Amino acid sequence: MTRLKNRLNQLNTLPNPKRKRASKGSWTSFFPYYAGFPVEFAQYVLQKHAPPNALVLDPWNGSGTTTFTAALMGLRAIGVDINPVMVVIARARLLQSSESDSLIPLAHHIISDARNLDIDINQDALSSWFDQSTTVALRSIERSIRKHLIGSFTVHAGGIALNHLSSLAAIYYVALFSVARDLARQLRSTNPTWTRTVLRGEQLINCSRTSIEARLLEKIRKTAESLLLGNSIRHTSNHVCIREADVSTSPNIGVHADLILTSPPYCTRIDYTSMTRIEIAILSGLVEIDVLDLKRRMTGTTTVPKTCSSEDARWGTTCLRFLDAVKNHRSYASSVYYYKNHFDYFDKMFRSLQSCRSNLKMGSDAILVIQDSYYKDVHNDLPQIISEMGASSGLKEVWREDFQVPTLATMNPRSSRYRSQATAKESVVCLRAQ
C-alpha cells in the first residue's frame, strides 16, 4: 500500500509534457518545431527513473531534448533520428557554454570568407524559395561554414558523416536554418509545420547579402547569450551520441539502455519532411538527401505505400478496430488513401517498438509521451494502441498519466464538421521490458 501511495504521489507531480511556446531569445526559439516535450519534463523523468550512471536512449530524438537534458545531468545518452536536419539541431544543443565567447568572432570570419567564394547555384535546392542573389548569399555562407568547421575525417562518398559533425559546426548550420526560415515567413500557412514553395507567377524571395549577414550575426549573438544565461552544458558531452538512423528498420542498434525517454511521431499526418524542407535544402550542399525517399521512410508520413500487407494481430484489438472504422468510413478516400496512411503508420510503429525492446535492458522502463487524435469522428486512442503493441513486443504497461492539451485541429475549420472538441489527450506511458 505504501509503494502504491508513493507512486500516486509521484504521478500527481509529473509535469505537463506539452512544450510551451518558446520565449524570444531562448535557446529553443531558434528551432521552434511543433513536436517535443520541455526540458523540465525530461529533467523530472530522468531524476525519478534513471538509475545512477544510466544510459538513456531516445529513438525519436527530434530536436534533442532528451539527449540535451541527459548531458546537463551528466548521464550517458544516445539519440536516434531519421531526419538529418534534426540530427544537426540535436548536436547543436550539445555545445558547451565555454564556447560562447568564440561564436561571434568566428561568425565574422565565416561571413568575410563567404564573400570571396565562387558559388555555382545551378539546380540549387534553395532556388525553390529564393532568387539568384539571395541563394548565392545563403549558399556561400553554408560553404564557408563547411570550409572552416568540418574536417576531412567526417567526409564519405555520400557527403559528410553527420554522426561526427561537431556541435560548433552544427550551431552555425542551425543559425543559418533560422535565417532562411525567417526570410520565408511569408510562405508559412496557419499550420506551423508547413512552409510551401513559391508558386508559379509569384516572385522569389529577395534579401540583400548585408541583411542576411546581419541576421546571421544576430542569431549567433543570441545563441551566445543563451549559452551563458540559460541552461547549457558546462562539462564534456562526449558521453552523448547523436545518430542518424531509422528505428523502424533497425531491429538492434547496438544499445543496452537503462531507460528510454521519447515521444513517438504523432499519428496526425504531420509531414515531418516538409516541415524541414528549407533546412534540408541548406544541408543538400553538405549531404546527399533523397527527399522523396526520406518522406516515404518517415513514420507518420503523408506518403502512402502502393499496397498494404495483412494487418497483424499483434497490433492489438484497439488498433484493428480503428483501422476497420477508417476503412469503412463514409468520407471520401477513407477506404483507400487514409486506410493505407494509417496502416503504414501502425506497421512502422510496431516494428519500432520491437526495436525499442531489443535495445532496452530487462526490467528497464520506456517512458513515452503519446498523443491521441481523431480521424474525422473516429477516435484514434494511440496511447492504448501503443500500450497493446508494446505488450506484444515484451513491453508491459506499468503506469500512465493523462493530460489535456490543445491541438492543431483548431487551425482546420473543416474538422468541426465531425467533432466540436479541439483538444487531445497527451499521455505519459511507462512500459517495462519483460
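If you go through region 301-335 and pick out every residue that is hydroxyl-bearing (Ser, Thr, Tyr), at pLDDT 90 or above and buried (at least 16 other Cβ atoms within 10 Å of the Cβ), you end up with 2. Residues that are closer than 25 Å to ARG351 by Cβ, open to solvent by less than 10 Å² (accessible area, probe 1.4 Å) and either at pLDDT below 95 or not charged (D, E, K, R) (or both) are absent from region 23-36. The number of residues in region 205-237 being open to solvent by 40 Å² or more (accessible area, probe 1.4 Å), among the aliphatic types (A, V, I, L, M) and at pLDDT 95 or above comes to 2. Annotation note: Cβ proximity below 7 Å between a residue of region 351-370 that is within 17 Å of GLY79 (Cα to Cα) and a residue that is of a type in the set (D, E, K, R) (sequence gap 6+ or interchain) occurs for LYS361/ASP258; ASP365/ARG432; VAL369/GLU426. Summed over region 103-126, residues that are at pLDDT 95 or above and among the polar types (S, T, N, Q) total 2. Does at least one position in region 362-377 carry a residue that is open to solvent by 20 Å² or more (accessible area, probe 1.4 Å), out of contact with any Leu (no Cβ under 7 Å at 6 or more places or on another chain), part of a helix (DSSP H, G or I) and not acidic (Asp, Glu)? No, region 362-377 contains no residue that is open to solvent by 20 Å² or more (accessible area, probe 1.4 Å), out of contact with any Leu (no Cβ under 7 Å at 6 or more places or on another chain), part of a helix (DSSP H, G or I) and not acidic (Asp, Glu).
Scanning region 61-88 for residues that are of a type in the set (A, V, I, L, M, F, W, C) and touching a Pro at 6+ places or on another chain (Cβ under 8 Å) returns a single hit, VAL80.
For (1) touching a helix residue (DSSP H, G or I) at 6+ places or on another chain (Cβ under 8 Å); (2) over 18 Å from SER248 (Cβ atoms), each residue gets a yes or a no:
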site	(1), (2)
ASP58	yes, no
LEU75	yes, yes
MET86	no, no
ALA90	yes, yes
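Counting only helices (runs of 4 or more DSSP H) that fall entirely inside region 246-300 and contain at least 2 residues that are β-branched (Val, Ile, Thr) and surrounded by 20 or more Cβ atoms within 10 Å (Cβ to Cβ), the qualifying elements are 277-283. In this entry, ALA77 is excluded by the filter for residues that are part of a helix (DSSP H, G or I) and over 24 Å from SER178 (Cβ atoms). Within region 412-426, is there a residue that is surrounded by 18 or more Cβ atoms within 10 Å (Cβ to Cβ), among the aliphatic types (A, V, I, L, M) and at pLDDT 95 or above? The answer is no; no qualifying residue exists.
The values are calculated or read from the model by the stated rules, or taken from the named source; none is laboratory data. What you see is a predicted model, and the numbers here were worked out from it, not measured in a lab. Cβ: placed from backbone, ideal geometry, glycine included. Neighbour counts: every protein chain shown. Just the protein is used for accessible areas: all its heavy atoms, side chains included, with ligands, DNA and RNA removed. Shrake-Rupley method; radii C 1.70, N 1.55, O 1.52, S 1.80 Å.
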